[in-house]
1. Could you go through the range B:123-143 and let me know if any residue there is touching a residue at least 40 places away in the same chain (Cβ under 8 Å) and under 21 Å from the mean Cα position of the chain (by Cα).
2. List pairs: first residue in the range B:32-50 and within 14 Å of chain A (Cβ to nearest Cβ), second residue within 7 Å of DNA strand D (Cβ to nearest atom) and modelled with pLDDT under 95 anywhere in the structure, Cβ distance under 7 angstrom, at least six positions apart or on different chains.
3. Could you please find all residues in the range B:22-38 being in a helix (DSSP H, G or I), within 13 Å of DNA strand C (Cβ to nearest atom) and more than 21 Å from residue B:97 (Cβ to Cβ)?
4. If residue A:81 satisfies every condition in (1) within 16 Å of DNA strand C (Cβ to nearest atom); (2) out of contact with any strand residue (DSSP E or B) (no Cβ under 6 Å at 6 or more places or on another chain); (3) over 30 Å from residue B:157 (Cβ atoms) but one, which is the exception?
5. Residue A:118 versus (1) away from DNA strand C (no atom under 16 Å from the Cβ); (2) modelled with pLDDT of 90 or more: which is the lone unmet condition?
6. What's the number of the condition residue A:99 fails, among (1) within 14 Å of chain B (Cβ to nearest Cβ); (2) surrounded by 14 or more Cβ atoms within 10 Å (Cβ to Cβ); (3) within 15 Å of DNA strand C (Cβ to nearest atom); (4) at pLDDT 95 or above?
DNA sequence: TTAGCTGCAAAAGGTTTGCAAATTA
DNA sequence: TAATTTGCAAACCTTTTGCAGCTAA
């Protein structure tokens, strides 16, 4: 794969090299896929969301503001294709729809079971636990496929 | 609440005081609920499952072998009532239906993303992490509402 | 040219809800 | 008796699928 990692600053809050749509589309093509207008729009929307995690409905809405006739099934099929390429992944933050985001393996989610607030935390807080589980069970925890539930500071100081 | 904690050994693998159906039914009654035949059967099934986590469909099937005409909706409504009483809780081990189990807060689940094997681990392996998250974010992780994903020993030694 | 996408509509899977009849306390 | 549960059927929400036509490579 020869997708060049462009350095064009986009709208990300960080100063890491920006991932640009063309890179992603190129990977899609390289894997035998086609680049179509709906796919461009979907990638654009996902990039435009920055760190925010969008669910399928939000992606549909945003994509339709660019390209009104895109079907839901196209969204689901495209995000599945992008997940296969490990470009994005999905997380279950709570009950309800899954949310999609770029595949940085650098954060996890705590979700308050009372107010449903989401707290993002760096994945390396799990390093010790991960080592432990590896040693004891041979299990490698990977991914943030599911959030971790609990109670946030605000709710804890609230009466039940 | 005065539900006596009976010590009758049932079929649990552990030697903790067995929770008996009557205790649970009494709590249901104490909270203003009614004790009905379907509810008895559901509690029986849940108790009979011991440590196993049953999903709604499995509960329905098992309950119907005792009481053939119980509706699915009754199962869902009853497990919801039992969750409100904190007698049971549900976990999402993977995609697919939730699973229900008695509310011991003593274990967590690792689920292999490849073979879907479930590894149960003691919750106290999370103690350090929990302290950390509390200190840094005021967040109290609680519950095993979602499993932790990763890869099990067997799958890790397998070619991708 | 042809494998791969698309929109549409229908279906699937899991769970929830409205309601009138039945049951519990 | 009054409040709660029940079974049934229908609805719900999210996601998947089948298919014929369209399109990128």
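1. So far as the range B:123-143 goes, yes, one or more of its residues are touching a residue at least 40 places away in the same chain (Cβ under 8 Å) and under 21 Å from the mean Cα position of the chain (by Cα).
2. Between residues of the range B:32-50 that are within 14 Å of chain A (Cβ to nearest Cβ) and residues that are within 7 Å of DNA strand D (Cβ to nearest atom) and modelled with pLDDT under 95, there is no close pair.
3. We begin by selecting, within the range B:22-38, every residue in a helix (DSSP H, G or I); these are B:22-30, B:37-38.
If we keep only those that are within 13 Å of DNA strand C (Cβ to nearest atom) as well, we get B:22, B:24-30, B:37-38.
Listed by number, the residues that qualify are B:22, B:24, B:25, B:26, B:27, B:28, B:29, B:30, B:37.
4. Unmet condition: (3).
5. Of everything listed in (1) away from DNA strand C (no atom under 16 Å from the Cβ); (2) modelled with pLDDT of 90 or more, residue A:118 misses just condition (2).
6. So the condition that residue A:99 fails would be (3).
The values are calculated or read from the model by the stated rules, or taken from the named source; none is laboratory data. Source: prediction; values computed, not measured. Backbone-built Cβ (ideal geometry, glycine too); neighbour counts: all protein chains shown.
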